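Chemist: I am attaching a structure below and will ask some questions about it afterwards.
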């Protein structure tokens, strides 16, 4: 898919983030988050998924470790996407940003809701992510739920 230029905001052209741009941004963010997440695993000695799924051993400290990782990930996405940059490090690297449907900065609450809605996009076999491939504004399911867009950050003229 190529970048589409559609004018939905009054004074500027909008180019929506493409599937591959968003995959690239997600990979960068995953690499960044892998560092603190692995530190938590090393400190606690627990990896929730391997403890529960591979070893069939449910341990409350493994659950606590996983909750800390979830909170770190949630804060990373929610704080950065609601910040002045409107983007995670991965999105910044690819000149993407998250806006509401009017092109404005989103609140922390909306960014937090968007992050939580990603779980739904994931649970349904990632179909929520692939929805952007047939959507006019390249919105995923979690974008639709949060009324957000991922757009290319264009230079202000």
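The values are calculated or read from the model by the stated rules, or taken from the named source; none is laboratory data. The structure presented is a predicted model; accordingly, all values stated were derived computationally and were not measured. Please note: Cβ atoms are built from the backbone with ideal geometry, for glycine as well, and neighbour counts cover all protein chains shown.
Chemist: It is to be established whether one or more residues within segment 49-71 are under 21 Å from residue 130 (Cβ atoms) and either at pLDDT 95 or above or surrounded by fewer than 12 Cβ atoms within 10 Å (Cβ to Cβ) (or both).
Modeler: Filtering segment 49-71 down to residues under 21 Å from residue 130 (Cβ atoms) leaves none.
No - not one qualifying residue is present in segment 49-71.
Chemist: Please go through segment 74-101 and give me each residue that is in a helix (DSSP H, G or I) and touching a strand residue (DSSP E or B) at 6+ places or on another chain (Cβ under 7 Å), ordered by number.
Modeler: Filtering segment 74-101 for residues in a helix (DSSP H, G or I) gives 74-81, 89-93.
Listed by number, the residues that qualify are 81, 91.
One line per residue, one yes/no per condition, for (1) assigned to a helix (DSSP H, G or I); (2) on the phi < 0 side of the Ramachandran plot; (3) touching a strand residue (DSSP E or B) at 6+ places or on another chain (Cβ under 9 Å); (4) exposed (fewer than 15 other Cβ atoms within 10 Å of the Cβ):
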{"residue": "103", "(1), (2), (3), (4)": "no, no, yes, no"}
{"residue": "106", "(1), (2), (3), (4)": "no, yes, yes, no"}
{"residue": "110", "(1), (2), (3), (4)": "yes, yes, yes, no"}
{"residue": "138", "(1), (2), (3), (4)": "no, no, yes, no"}
